[in-house]
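Structure, as structure tokens:
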Amino acid sequence: MAERLIHILPEHVASQIAAGEVVERPASALKELVENSLDAGARTISAEIERGGSALIAVADDGCGMVREDAVLSLRRHATSKIRDAADLAAIHTFGFRGEALASIASVSRLVLQTRRANDETGVELIVTGGDLEQTRGCAMAPGTRIEVRELFFNTPARLKFLKTSATEQAAAAEALQRLALANPQVAFRLNADGRTLFDLPRAVSVLERVRQLFGPKLADRMLGFELEDAGMRAWGLLTMSQESFPTPRQVFTFVNRRAVRDRALMRAVALGYETLIPRGRYPAVALFLELRPEDVDVNVHPMKSEVRFRRSGAAFELVYHAVRARLADQNATAGSLPASRASEMTPATREMMRPPVYLGSGVSVLATESGGSASGEAAGAPAPRPRGIGDQPERSLRLVADTQAQRAQQGALRLGFGRGGAIGAAAPEASPPPAAIGASIPLYSSLRIVGQIFAGYIALESDNGLILVDQHAAHERVTFERLRAELRSGGIRVQALLTPATLDVNPARAAQVMASIPQLRAMGFDVEPFGDTTLILKGAPAVFGADGGLRLLTEMIDSMGEHGFQMRGEAAFDDWLKQLACHGSVRVGRALSPPEITALLAELDRTEFKSNCPHGRPVHIQFARGQLERMFRR
Ligand code: ADP
Ligand code: MG
């Protein structure tokens, strides 16, 4: 038959392809299958997994399909329709190009491939076991392709052993699909896991709409559109306003020519854009799209194509940094409310980019590139705005506290508020007297004169023989940690009921994992129950943090939950856990404290054991001896 598109790459081309494992876990197999569907011009992609993908991964699309001969060939190594010769490797326009994914997946699973082109009467079905083609027969189906992968790694027990729990593998698979869905809003995606729908995303007109579908309106409404073009490169996307921040970089998505990549330089450029605007150790939520000519980026450096190499990495870094920084300089309008920002998300170049991939008769689908290529460069590039100097920002504050006596009088009734920055304060101190004996090196903090707060993170105190700086986060963390530990010893963390129970929507990708950790959350003092598949209902929270802090703290804890969920084995592990709880529940560096809050914190600190260091071992205070200062002034 004519119309065959797939060929085996000649040895000299195949040998130039980055070698290594393509499929390490179900999530990577799912990603490869979905990328193939996207390359085939699919407009609707449905995926299904069972037991985290280890029992089943199935992907069905409405893309171009294959003729019988191509279907057979597609399972061979280095069989591809997407490149022909070594020169093509220099400018990749498709997600795939290696011709290895189907071969790798088929060799370690029981695979069924069904495919039909729109012009053909019927489809063809191939049954493959451990890489051996066992049967080829006709089948009735709608145009498109469906690939079913059962029992991944059934014949490679060593690799099977490396798989994590189903809930963890499921989360990884769902997150992989989320990244693909984010970068391809014009395509409808569905994901079912063990018969439940994790997400069902209709085609969207913009990345913003896709963010809304994936992460909910709460996040989408706090995002700003940004765009900057320079020297033939364009950085655009969505980012959260600087009032928002999150405990992990999990919601920083970086794409290069629509391919999800992990790139440290890009991550650093984003982080630098937010520097001094969000607290250290916190992260924004960002969808960054960097578009550049395919020949300016090498995607052939990693077997799973999750890393790239830039021809001009410095320029890419600068562009992203300036794009983020410039947008954060004026945050008055959100992505949803400002027509111009919609426009900024949809310039002519973007609109080109937003078009579904153009399926060329050659079997290669091409992402539209920047208009004509010649329009890019100096003429089209907006001049990069100058970065703001650090001194331009009013982020460094020095607060003077006038009358410490008066504040000390109020301290009994104090509770540090739960500020915008996600800080929770210590509960009202109970009326226990400060310990009589204080170690020689540790002062009675509340007896010292409060000079003020500096850099919104340190409390400056004057003692008879020097200047003391207290790290507010470290101090609060220790206070909270000791309180929790004391409560735990005396029978369990005290739970305070919320006046009105609150609900919390969990990212569907991670819902199974979160639900599995409910017993641990309960042991930590969160009176929490499932409320449907992807929602939790919170009825009470650790009393130490106060009722209004509970929901925010729970959100933080869940956001920061690692690949393995919360682990709790033995006393030491429990301590680790309390450390986390104390850390997330404590005031951060970056939050201005009111004079009464400072007074309350110092009084609490005086009543606390092990107050010299935070639970992670960092010092709570440092001291500059008077003599030391005087010597510096050459007195
Ligand atoms: P690559 O994507 O690198 O070319 P793969 O092993 O993933 O290699 O796929 C081999 C070939 O099979 C592809 O080049 C493509 O022609 C064909 N193919 C794979 N999946 C699909 C699909 N869902 N629809 C149409 N063609 C497909
Ligand atoms: Mg592929």
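The values are calculated or read from the model by the stated rules, or taken from the named source; none is laboratory data. Keep in mind the model is a prediction, meaning the values are calculated, not measured. When we count neighbours, we look across all protein chains shown, and the Cβ atoms used for this are built from the backbone with ideal geometry, even at glycine. Just so you know, the surface numbers come from the protein's heavy atoms only, side chains and all, with ligands and any DNA or RNA stripped out. Shrake-Rupley method; radii C 1.70, N 1.55, O 1.52, S 1.80 Å.
Structure above, values below:
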| quantity | calculated |
| --- | --- |
| Scope the stretch 577-604; condition among the basic types (Lys, Arg) and assigned to a helix (DSSP H, G or I); matching residues | 579 |
| Any pair with Cβ under 8 angstrom, 6 or more apart, that starts in the stretch 94-112 at a residue that is farther than 12 Å from residue 133 by Cβ and more than 7 Å from ligand 1 (Cβ to nearest atom) and ends at one that is open to solvent by less than 10 Å² (accessible area, probe 1.4 Å) and of a type in the set (Phe, Trp, Tyr) | 108/153; 109/153 |
| Lone unmet requirement of (1) of a type outside the set (A, V, I, L, M); (2) part of a loop (DSSP other than H, G, I, E, B); (3) modelled with pLDDT under 90 for residue 41 | (3) |
| Any hit, the stretch 225-245, residues being in contact with a Ser or Thr (Cβ under 6 Å, 6 or more places away or on another chain) and buried (at least 22 other Cβ atoms within 10 Å of the Cβ) | yes |
| Number of the condition not met by residue 65 [criteria: (1) away from ligand 2 (no atom under 16 Å from the Cβ); (2) more than 30 Å from the chain's Cα centre (by Cα)] | (1) |
| Looking only at the stretch 539-555, and only at residues there that are under 24 Å from the mean Cα position of the chain (by Cα) and either among the aromatic types (Phe, Trp, Tyr) or open to solvent by less than 10 Å² (accessible area, probe 1.4 Å) (or both), the one that is modelled with the highest pLDDT | 554 |
| Breaking point among (1) modelled with pLDDT of 95 or more; (2) away from ligand 2 (no atom under 13 Å from the Cβ), for residue 59 | (2) |
| Filter result for residue 150 (away from ligand 1 (no atom under 16 Å from the Cβ), within 37 Å of the chain's Cα centre (by Cα) and modelled with pLDDT of 95 or more) | yes |
| Which numbered condition residue 522 fails, given (1) within 22 Å of residue 559 (Cβ to Cβ); (2) open to solvent by less than 50 Å² (accessible area, probe 1.4 Å); (3) assigned to a helix (DSSP H, G or I) | (2) |
| Members of the stretch 268-290 found to be of a type in the set (A, V, I, L, M, F, W, C) and either out of contact with any Leu (no Cβ under 9 Å at 6 or more places or on another chain) or more than 30 Å from residue 471 (Cα to Cα) (or both), listed by number | 271, 272, 278, 287, 288, 289, 290 |
| Among the candidates 21, 48, residue that is assigned by TED's automatic domain parsing to the domain that holds residue 168, modelled with pLDDT of 90 or more and open to solvent by 10 Å² or more (accessible area, probe 1.4 Å) | 48 |
| Count - residues of the stretch 237-263 that are within 15 Å of the chain's Cα centre (by Cα) and among the polar types (S, T, N, Q) | 5 |
| Scan of the stretch 68-78 for residues that are over 34 Å from the mean Cα position of the chain (by Cα), among the charged types (D, E, K, R) and within 14 Å of ligand 2 (Cβ to nearest atom), ordered by number | 70, 76 |
| Filter result for the condition that a residue is over 21 Å from residue 95 (Cα atoms) and in contact (Cβ under 8 Å) with a residue 40 or more places away in the chain, over 175, 229, 209 | 229 |
